[in-house]
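Below is one structure; the comments refer to it alone.
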Amino acid sequence: MARSVTEWVKVTDDVSIVARDSGEVWFHTPNGAGDGLDPFTTPMMGVGATGSTIRLLDGAINLGFAKIEKRSACPEPTLAAYALALIGAYHTSVDTPRNLRRAAKRFEELGRPEVAAYLEVRAREETGHDRLALKDLRALGVPGERIVANFMPEGIAPLCKHFDELCVESYPIGCIGYSYCLERIAALKQPADIEKVQALCPEGSDATRFLRSHSCLGSEVSHVEETIEFVASLPANDRIKVVQETYQSALIMAEGYNQELLKSEAEIIEQLERSIGEPLPSIAGSFRPAAGEKLGARPAA
Ligand SMILES: [Fe+2]
Ligand SMILES: [Fe+2]
């Protein structure tokens, strides 16, 4: 009988994620005794398996998001917040093909054609996704090109910076962890989430192209499946780095989400209008804060 695969990765000073191909996953704190009895204090060296690799990757995302405040984790969508999310989606998509090709080229130089080929495919698949976000913005009556040229949401900027940096590393395997994090979270979006957003959009408009393709209905599902298989096939050192960067990306993403989700609708509208120097009636609609009203966080669901 084949033995079950166990994989583990240290993601912080005191937490390792341990996962078995047979289904268990847990966060492990080293016993600190240095008695050689803790098998997870030394880096894993064995082969991976899809069942344990997916649990490591998803464990890394869960750990990174554990810090997000419950009250802001699931706010009611508003049109302004959706427009803001589309602007963020544009910025996290626009450089993806170029960045992935840069990393692919590096793996070609390093004599790792299988990693280069995987990244090339990903780069091709992600091409044009920035344009979906722009089309959706336009469908909302927002001048997409102009607004993204002038404005990047503060919570998104560190995420883009992190991806840029990962892709130019001398050994850029971590970019796979970043991509996995974003795609896995997108693939969790359900038809009901899309319907909620659609209900906010102007009658007859098609402003959910990006959301649909980055949800359980779109290509993200197969991207996630292919990535899990590919990561599971990598040598242990690569899997370790991919899981660590999945965790780092989730941390940065959770922090950015918190920052953006805590903005009130009035604050978002003000930011959007300021960035293009004109009112956005299609977004602001009837929403206007009363004079002197204090801007607070949007109500959480
Ligand atoms: Fe995409
Ligand atoms: Fe994707």
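The values are calculated or read from the model by the stated rules, or taken from the named source; none is laboratory data. Computed from a prediction, not measured in an experiment: that's the story for all the values here. Neighbour counts are summed over all protein chains in view; Cβ atoms, including those assigned to glycine, are modelled from backbone coordinates with ideal geometry. To get the accessible areas, we keep the full protein, side chains included, count just its heavy atoms, and leave off ligands, DNA and RNA. Shrake-Rupley method; radii C 1.70, N 1.55, O 1.52, S 1.80 Å.
Within the range 170-193, is there a residue that is closer than 30 Å to Gly277 by Cα and either touching a Phe, Trp or Tyr at 6+ places or on another chain (Cβ under 8 Å) or at pLDDT 95 or above (or both)? No, that holds for no residue.
Residue pairs whose Cβ atoms lie under 6 Å apart, separated by 6 or more positions or on different chains, with the first residue in the range 163-183 and farther than 12 Å from Thr227 by Cα and the second surrounded by fewer than 23 Cβ atoms within 10 Å (Cβ to Cβ) and of a type in the set (Lys, Arg), are Cys167/Arg102; Pro172/Arg106; Ile173/Lys241; Gly174/Lys241. Checked against the criterion of being touching a residue at least 24 places away in the same chain (Cβ under 8 Å), within 16 Å of ligand 2 (Cβ to nearest atom) and within 17 Å of Val94 (Cα to Cα), the range 190-210 contains one or more residues that satisfy it.
For the range 169-226, name all the residues that are among the basic types (Lys, Arg) and within 14 Å of ligand 1 (Cβ to nearest atom). Residues satisfying the conditions are Arg184, Lys189, Arg209, Arg212.
Only one of the numbered conditions (1) within 24 Å of Val9 (Cβ to Cβ); (2) modelled with pLDDT under 95; (3) more than 13 Å from ligand 2 (Cβ to nearest atom) is violated by Glu220, and that is (3). With respect to Ala157, is the statement that it is away from ligand 2 (no atom under 16 Å from the Cβ) and open to solvent by 50 Å² or more (accessible area, probe 1.4 Å) true? In short, no. Selection of the range 232-281 for residues being open to solvent by 50 Å² or more (accessible area, probe 1.4 Å), in contact (Cβ under 8 Å) with a residue 60 or more places away in the chain and in a helix (DSSP H, G or I) yields Ser233, Asn237, Lys241, Gln244, Gln248, Glu255, Tyr257, Gln259, Pro281. In the range 96-159, which helices (runs of 4 or more DSSP H) lie fully inside it and hold 2 or more residues that are within 16 Å of ligand 1 (Cβ to nearest atom) and in contact with a Phe, Trp or Tyr (Cβ under 8 Å, 6 or more places away or on another chain)? Per the criteria, 96-109, 113-126, 129-139.
Looking across Val94, Val121, one residue alone is open to solvent by 30 Å² or more (accessible area, probe 1.4 Å), within 16 Å of ligand 2 (Cβ to nearest atom), farther than 30 Å from Pro202 by Cα and modelled with pLDDT of 95 or more. It is Val121. Within the range 106-132, residues that are without any contact (Cβ under 8 Å) to a residue 60 or more places away in the chain have Cβ atoms under 7 Å from residues that are within 12 Å of ligand 2 (Cβ to nearest atom) and open to solvent by 60 Å² or more (accessible area, probe 1.4 Å) in no pair, counting only partners at least 6 apart in sequence or on another chain.
Checking Ala80, Ala89 one by one, the residue that is modelled with pLDDT under 95, more than 30 Å from Asp21 (Cβ to Cβ) and assigned to a helix (DSSP H, G or I) is Ala80 and no other.
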